[in-house]
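The values are calculated or read from the model by the stated rules, or taken from the named source; none is laboratory data. Owing to the predicted nature of the structure, the values given are computational and were not obtained by experimental measurement. Counting neighbours? That spans all protein chains shown, and the Cβs are built from the backbone with ideal geometry, glycine included.
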């Protein structure tokens with residue numbers, strides 16, 4: 001995520017999470033991804049050090065030309081967990097994923113603060129930890145992971161989730177506030193258009209405000225389907241990313257409204273038209 005003037009255009013930086021692609025191997029998924037018009041695959045990093053356990057598979061894929069710049073964590077507990085033991089394990093898992101994505105020449109590992117742990121919008125409404133303690137826990141984890149990412153030459157992406165999935169980091173501004181306080185170039189905001197559709201009063205303005213800290217964008221429509229399956233204004237969103245010279249990837253993280261071989265190429269084509 002260099003942000004240099006020689007970055008390829010946004011239309012050449014579209015990736016797809018691996019579970020959405022047909023095929024049983026990364027090589028087969030890469031063939032399907034290219035046929036659909038993608039430029040890369042976003043990996044999924046499961047817990048119990050499973051991502052590190054894929055080292056040989058990933059190294060073989062790299063050798064075969066598979067482009068895999070990013071990994072998105074897939075676990076049940078995260079760096080903002082209420083339980084200290086689970087929290088420490090989440091940090092350990094993320095350290096491993098940062099090291100592994102670096103080992104295969106990638107760029108970033110992405111995590112939310114938490115998922116499904118608590119919502120202020122659902123009973124009992126008041127979490128068991130004070131807001132200032134939430135922030136202290138997140139800053140501690142982000143500082144450790146940011147320093148580790150910096151040593152590995154990669155970036156940690158902090159993804160805001162909507163108010164029903166996470167009570168701590170809901171908006172891009174929430175994530176920016178934490179990134180600013182950490183003050184490391186290795187800790188960046190990872191935006192998700194589905195969550196933005198719920199939380200941001202003005203998604204384009206939110207992207208403009210977050211521009212200096214924006215390192216990654218995951219794309220899905222307002223209903224969590226593929227881009228084009230809902231009512232997100234993709235022309236506005238992508239023109240905003242072009243205006244701020246966003247240097248990262250657009251990674252499909254969504255559900256599909258139909259067969260992947262039909263839905264994915266159509267959605268990629270729509271994004272390219274919207275971005276041009």
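Just checking, which of 203, 185, 127 is out of contact with any helix residue (DSSP H, G or I) (no Cβ under 6 Å at 6 or more places or on another chain) and either farther than 20 Å from residue 109 by Cα or crowded, with 19+ Cβ neighbours inside 10 Å (or both)? Residue meeting the stated conditions: 127. Within segment 146-167, residues that are crowded, with 24+ Cβ neighbours inside 10 Å have Cβ atoms under 6 Å from residues that are modelled with pLDDT under 95 in these pairs: 155/1, counting only partners at least 6 apart in sequence or on another chain. When 181, 199 are checked against the criterion of being out of contact with any strand residue (DSSP E or B) (no Cβ under 9 Å at 6 or more places or on another chain) and under 23 Å from residue 149 (Cβ atoms), 181 stands alone in meeting it.
Looking across segment 59-76, not a single residue is free of Cβ contacts under 8 Å to residues at least 24 places away in the same chain and crowded, with 19+ Cβ neighbours inside 10 Å. The sole residue among 210, 191 that is crowded, with 22+ Cβ neighbours inside 10 Å, within 17 Å of the chain's Cα centre (by Cα) and closer than 18 Å to residue 254 by Cα is 191.
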